[in-house]
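Enquirer: What follows is a structure written as structure tokens; I'll ask about it next.
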Amino acid sequence: MTGYRQNPRLAAQDGLNDGLVVFLPHRLNRHPVVIRGLTADELWACAGLSGVAGFLTGLAAAWLTQSIAMVPTLVVVGIGIGVFGGGGFLRRKKRGRPDTWLYRQLQWRLALRYPSLAAQVGGRQIITYSGWWTTRREWPSTSIRRGAA
């Protein structure tokens with residue numbers, strides 16, 4: 001059996017020979033992807049919003065067709081379209097961004113549009129200042145001649 005201590009090449013890489021793990025997995029605290037690139041929280045939000053949209057559409061269709069069966073049918077269809085369509089859309093939007101990007105984006109939009117509601121979801125911590133930033137550097141003085149030292 002060849003372990004970390006017995007393999008001198010692995011022990012020489014970090015200069016330690018005490019048998020400790022020398023790396024930390026960087027995906028340890030990430031939420032697992034459930035379906036179509038969505039985590040469980042994002043899946044519930046996507047399914048809930050599309051279910052409500054399907055319910056409202058189903059109510060209108062049930063009134064028009066005089067059939068109550070349109071409500072649950074359009075709820076299921078709405079959830080299916082919302083999860084697969086919304087999942088693909090969110091996967092493209094989240095690509096290459098940090099794990100918390102979606103939540104911070106929602107907090108930022110709430111803080112800009114609805115400041116009173118933003119206090120309930122932690123939006124007061126989001127910086128909403130918009131303007132020009134400067135490093136407070138100025139151009140070199142023209143009174144100093146080059147090479148005159």
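Quick note: the coordinates plus some simple rules give every number you see, no bench work behind them. Bear in mind that the values here come from a model prediction, so they are computed numbers and not experimental data. Cβ coordinates were reconstructed from backbone atoms using ideal geometry, including for glycine residues, and neighbour counts include every protein chain displayed.
Enquirer: On the basis of being assigned to a loop (DSSP other than H, G, I, E, B) and not hydroxyl-bearing (Ser, Thr, Tyr), does residue 99 make the cut?
Expert: Considered against the rule, which asks whether it is assigned to a loop (DSSP other than H, G, I, E, B) and not hydroxyl-bearing (Ser, Thr, Tyr), residue 99 comes out as yes.
Enquirer: Same structure again: Give the residues of the range 57-75 that are loosely packed, with under 14 Cβ neighbours inside 10 Å and in a helix (DSSP H, G or I), sorted by residue number.
Expert: Residues satisfying the conditions are 60, 63, 64, 65, 72.
Enquirer: Right, another one. One residue is enough: does the range 111-118 have a residue meeting the conditions farther than 29 Å from residue 31 by Cα, out of contact with any helix residue (DSSP H, G or I) (no Cβ under 9 Å at 6 or more places or on another chain) and either aliphatic (A, V, I, L, M) or not in a loop (DSSP other than H, G, I, E, B) (or both)?
Expert: Within the range 111-118, one or more residues are farther than 29 Å from residue 31 by Cα, out of contact with any helix residue (DSSP H, G or I) (no Cβ under 9 Å at 6 or more places or on another chain) and either aliphatic (A, V, I, L, M) or not in a loop (DSSP other than H, G, I, E, B) (or both).
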